[in-house]
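Report on the following structure.
The values are calculated or read from the model by the stated rules, or taken from the named source; none is laboratory data. Note that this is a predicted model, so its numbers are computed, not measured. Glycine also receives a Cβ, built like all others from the backbone with ideal geometry; neighbour counts cover every protein chain displayed. Accessible surface areas use protein heavy atoms only, side chains included; no ligands, DNA or RNA. Shrake-Rupley method; radii C 1.70, N 1.55, O 1.52, S 1.80 Å.
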Amino acid sequence: MKKFIKTILFKCSRALCFFYFKKIKTDINFHNNGRAKKDYEEIDVLIPVTERDIEILGLTIESIRKFSLNRIANIYLVAKNTPKIRFFANENNCLFIDESQVCNVKLNEIYYSFKGIDRSGWLFQQLIKLNWDKISQKKNCLILDADTIFLAPQIFVDEKKLFFNCSDEFHQPYFECFEKILNEKRLLPLSFISHYMIFDRESTLELKEEIEKKCKMNWEFAILKNCTKDTISGFSEYETYGHFLYNRKREMLDISYWRNISIKRSSTLSLKWLIDNYSKRHKTISFHWHIQ
């Protein structure tokens with residue numbers, strides 16, 4: 001009975017939060033105040049990439065350069081060291097980073113399979129994202145999924161706030177892993193998964209230190225040990241970092257509804273066509289492989 005009441009209270013609180021963020025709260029990125037790029041802090045962008053992402057990646061890079069109101073210093077593409085990836089990075093004025101040189105854990109040391117599907121590379125990308133501070137020298141870095149394209153001007157960080165998104169996503173194993181590695185529960189009954197997130201250096205280091213303090217081991221190995229492996233996705237860098245910040249520093253967060261849509265991939269689409277057809281109601285559009 002107690003568990004049933006907790007479930008009902010959680011669902012009610014989640015519904016109220018969604019109503020507030022989706023219907024009431026003003027979204028600065030949907031009601032732009034006209035400030036120019038020069039007004040906002042310079043950031044780096046980091047995108048983990050595989051060769052199959054190249055079909056969409058050009059649009060992703062074009063959109064972030066067009067719509068980021070934060071000036072962009074560098075765009076890092078982190079991937080396997082292949083001629084195709086290096087050529088793409090060079091042609092698109094991006095910096096290539098060999099993924100094998102980023103993490104303490106190597107890809108061949110990760111064993112994660114669910115119902116015959118190898119998820120080791122997917123989990124490895126989560127660790128790459130949390131290691132952004134070993135690649136970028138900036139105070140803040142935008143971590144962006146390779147299959148997500150911006151449709152409208154975006155502010156990611158200003159002199160007072162980090163701009164986060166909450167979403168309709170919900171996957172309980174992410175929160176179970178969060179509780180295991182940090183020994184605490186999330187205080188916001190919503191998801192921070194929106195396929196991109198701005199990370200600040202100080203908080204990223206604090207997160208890693210806290211995981212190591214609680215788990216008594218290197219933070220990467222702690223995540224691998226506590227990742228829920230009886231599901232196709234057992235850990236989320238966005239949920240972990242987002243709820244870690246909300247639990248401790250919510251005053252530095254400006255949270256809005258994500259306004260994302262997912263559609264099937266097509267190599268014939270242009271950024272102009274996507275903007276013309278989707279930007280009135282959405283901030284981003286994603287082309288996930290699992291919906292093809």
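State whether one or more residues within region 81-93 are at pLDDT 95 or above, within 28 Å of residue 207 (Cα to Cα) and surrounded by 13 or more Cβ atoms within 10 Å (Cβ to Cβ). Working first, answer last.
First pass over region 81-93, keeping only residues at pLDDT 95 or above: 81-93.
In the following step, the residues that additionally are within 28 Å of residue 207 (Cα to Cα) were identified as none.
Within region 81-93, none of the residues are at pLDDT 95 or above, within 28 Å of residue 207 (Cα to Cα) and surrounded by 13 or more Cβ atoms within 10 Å (Cβ to Cβ).
Taking the criterion of being open to solvent by 50 Å² or more (accessible area, probe 1.4 Å) and out of contact with any helix residue (DSSP H, G or I) (no Cβ under 8 Å at 6 or more places or on another chain), the residues of region 38-73 that qualify are 38, 39, 41, 42, 55, 65. Among the conditions (1) at pLDDT below 75; (2) within 30 Å of residue 223 (Cβ to Cβ), residue 68 misses just one, which is (1).
Restricting 147, 133, 118 to those that are closer than 16 Å to residue 241 by Cα and open to solvent by 10 Å² or more (accessible area, probe 1.4 Å) reduces the list to 133. Scanning region 22-54 for residues that are modelled with pLDDT of 90 or more, charged (D, E, K, R) and in contact with a Lys or Arg (Cβ under 8 Å, 6 or more places away or on another chain), we see that the one that is nearest to residue 87 (Cα to Cα) is 51.
Could you tell me whether region 65-82 includes any residue that is among the aromatic types (Phe, Trp, Tyr), touching a strand residue (DSSP E or B) at 6+ places or on another chain (Cβ under 8 Å) and assigned to a helix (DSSP H, G or I)?
Filtering region 65-82 down to residues among the aromatic types (Phe, Trp, Tyr) leaves 67, 76.
Add one more test, that the residue is touching a strand residue (DSSP E or B) at 6+ places or on another chain (Cβ under 8 Å), and what stays is 67, 76.
Adding the requirement that they be assigned to a helix (DSSP H, G or I) leaves 67.
Yes: one or more hits.
Pairs are defined by a Cβ separation below 7 Å, a sequence spacing of at least 6 or placement on different chains, a first member in region 250-274 that is touching a residue at least 24 places away in the same chain (Cβ under 8 Å), and a second member that is of a type in the set (Ser, Thr, Tyr) and in a loop (DSSP other than H, G, I, E, B); the pairs so defined are 258/194; 260/194.
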